[in-house]
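The values are calculated or read from the model by the stated rules, or taken from the named source; none is laboratory data. Keep in mind that this is a model prediction, so the values were computed, not measured. In this analysis, Cβ positions are derived from the backbone assuming ideal geometry, glycine residues included, and neighbour counts consider all displayed protein chains.
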C-alpha cells in the first residue's frame, strides 16, 4: 500500500501556501479547522466510548446483583459489535447522502437513550437486546467521523488529524474510569437504584444534549464554514478536489471492494480492535484481579494505561506524518501491544509489573490506530471512501464481539484472565506480520 502523494497541495508540515491562492496560509488554515472541529468531535466520541464500555465498570456489581456469569457478560459486552457490523456500512453511505450533521446527531441521541435504558436490564436476554441496539444506533459514528475529516484535510495530514481525534479512545479511558468509579462509589442505593443503574443513566444524559448541539455546531464541508474566509474555503476545497480526482484512487465502491487492500486492512484492523476491546471491557477486571479493591480506586488506576496510550497515539501520528512512513509505525505499535499483553497475563500475581505491562499494551494498541487509518484513506475517495472505510471498520470491529466473549468464556472455564490475554496477544502479532509482509513500503 502506498501513501498517496498526488494532491497538488503539499499538506505536510512544510505546506504553507497553495499555488494560485496567494495570501492563504494553509498551515494557519488547517490549524483553524482542527481547532474548530477536533475538540468537539473528540468530546462526542468520548461520550460514545463511555456509553459503550461503561458496562465494564457496571460489571463489578451488576453481575452479582443479576446473577450473571462471566460468559453472559462477555457475550453481552461483545454483541454490541454485531449490531455495529450490520448497520455500519448503511450508516456511512447515508452520511455521504444526507450529510454529517444529521447523521451524527441521530447517532448521538439514540445511543444516549439506549445507554440510559441499560439501567433497567433484569435478564440476560434484555442485556443482549439493549447491547445489540446500542451497537445498531452507534454504528457509523467512528467511520463517519473518519470520512468527515477527509472532507477537510488532505492525505498528508490525516495521521496527525486522525491521531488527535482518536485520542478520544484514550481520553475516554482516562476520564471514564474515575467518573465511573465515583458514580459507583457514591450512588449506591440513591433513589432505590443500584450504583450500576445510576452509572448508565448519568452517563447517557450528556449524549442526548450533545446530539442537539451537533446540528447547531458542525458545518457540513469547508464551503459551509462561516469561520473560514472565501479564499480559505476555495484553497481547502481545491486541494481536496485535486487529490480525490487522482487516478491512483478508487472512486466507486465496487472497485474498492474488489481491491485486496480493503480486505487486508479489514484483517489488520480486526487484530488491532481485539486488543482495544480487551483493554476497554476488561481493564477494570484485570486491575481488580491484580489485587486493587474499591470502585473508586479501580477507576482511578484504570486511567493510567489510557493516559500513556493518549501520549503514544499523538506522538505516533505526528511522527508518521513527519516521516511519511506508515508501515513500520503501525507494525511496531501492534508488536508492542503483543508483548504487553503477554507480560500482563504472565504477571497477574504481581500488581506493579502487571499494571506496567497493561500500560505497555495500551500504548501499543492505541498508537496503532491513527497510523492505520492513514493507509486506506490513501487509496480511497468519494463513495469508495464512505463504503470502504465503513466496511473495514465494521469487519474489524467484529473483534469487539469476539474478544470480550472469548475472554469471558475462557475466564469462566479456567478461572483466570491469562489465557484470553495470550490469544489477543497472538492477534496483535498477526497484525504486525500482515502489515510487514503485505503492506508495501512507502
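Checked against (1) modelled with pLDDT under 80; (2) farther than 24 Å from residue 182 by Cβ, residue 280 meets all criteria but (2). Considering only residues in the range 244-266 that are touching a helix residue (DSSP H, G or I) at 6+ places or on another chain (Cβ under 6 Å) and either assigned to a helix (DSSP H, G or I) or at pLDDT 75 or above (or both), the one that is surrounded by the most Cβ atoms within 10 Å (Cβ to Cβ) turns out to be 265.
Scanning the range 63-81 for residues that are within 20 Å of the chain's Cα centre (by Cα) and buried (at least 24 other Cβ atoms within 10 Å of the Cβ) turns up 74, 76, 77, 78, 80, 81. With respect to the conditions (1) over 26 Å from residue 43 (Cβ atoms); (2) crowded, with 21+ Cβ neighbours inside 10 Å; (3) at pLDDT below 85, residue 121 falls short on a single one, namely (3).
Can you find even one residue in the range 49-57 that is crowded, with 18+ Cβ neighbours inside 10 Å, over 18 Å from the mean Cα position of the chain (by Cα), within 20 Å of residue 136 (Cβ to Cβ) and touching a residue at least 24 places away in the same chain (Cβ under 8 Å)? No, there is no match, as no residue in the range 49-57 is crowded, with 18+ Cβ neighbours inside 10 Å, over 18 Å from the mean Cα position of the chain (by Cα), within 20 Å of residue 136 (Cβ to Cβ) and touching a residue at least 24 places away in the same chain (Cβ under 8 Å).
Take the residues in the range 312-367 that are touching a helix residue (DSSP H, G or I) at 6+ places or on another chain (Cβ under 9 Å) and assigned to a loop (DSSP other than H, G, I, E, B); name whichever of them is nearest to residue 162 (Cα to Cα). Reasoning before the result, please.
Initial filter on the range 312-367 (touching a helix residue (DSSP H, G or I) at 6+ places or on another chain (Cβ under 9 Å)): 312-348, 351, 353-367.
Keeping just the survivors that are assigned to a loop (DSSP other than H, G, I, E, B) gives 324-326, 347-348.
Working: 324: 15, 325: 15, 326: 13, 347: 33, 348: 33 Å.
The extreme case among them is 326.
Could you figure out which of (1) more than 19 Å from the chain's Cα centre (by Cα); (2) more than 19 Å from residue 41 (Cα to Cα) isn't true of residue 99? Condition (2) is where residue 99 drops out.
Residue by residue, here is whether (1) without any contact (Cβ under 8 Å) to a residue 40 or more places away in the chain; (2) in a helix (DSSP H, G or I); (3) over 14 Å from residue 273 (Cβ atoms) holds:
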residue	(1), (2), (3)
400	no, yes, no
408	no, yes, yes
412	no, yes, yes
421	no, yes, yes
431	no, yes, no
440	no, no, yes
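Return yes when residue 312 is crowded, with 16+ Cβ neighbours inside 10 Å and under 16 Å from the mean Cα position of the chain (by Cα) and no when it is not. Yes, satisfied. Confirm whether residue 296 is surrounded by fewer than 24 Cβ atoms within 10 Å (Cβ to Cβ), at pLDDT below 85 and part of a helix (DSSP H, G or I). It is true that residue 296 is surrounded by fewer than 24 Cβ atoms within 10 Å (Cβ to Cβ), at pLDDT below 85 and part of a helix (DSSP H, G or I).
Beta carbons closer than 8 Å, at least 6 apart along the sequence or on distinct chains, never pair a first residue in the range 348-365 that is at positive phi and without any contact (Cβ under 8 Å) to a residue 12 or more places away in the chain with a second that is in a helix (DSSP H, G or I) and surrounded by 19 or more Cβ atoms within 10 Å (Cβ to Cβ).
Considering 388, 408, 382, 349, the condition of being buried (at least 24 other Cβ atoms within 10 Å of the Cβ), more than 21 Å from the chain's Cα centre (by Cα) and modelled with pLDDT under 90 is satisfied by 408 alone.
For (1) buried (at least 18 other Cβ atoms within 10 Å of the Cβ); (2) within 17 Å of residue 137 (Cα to Cα), each residue gets a yes or a no:
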{"site": "176", "(1), (2)": "yes, no"}
{"site": "184", "(1), (2)": "yes, no"}
{"site": "191", "(1), (2)": "no, no"}
{"site": "194", "(1), (2)": "yes, no"}
{"site": "197", "(1), (2)": "yes, no"}
{"site": "208", "(1), (2)": "no, yes"}
{"site": "211", "(1), (2)": "yes, yes"}
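Among the residues making up the range 29-48, a single one is without any contact (Cβ under 8 Å) to a residue 60 or more places away in the chain and over 17 Å from residue 171 (Cβ atoms): 31.
Does residue 307 qualify as being under 19 Å from residue 271 (Cβ atoms) and touching a helix residue (DSSP H, G or I) at 6+ places or on another chain (Cβ under 9 Å)?
Taking the combined requirement at face value, the residue does not satisfy it.
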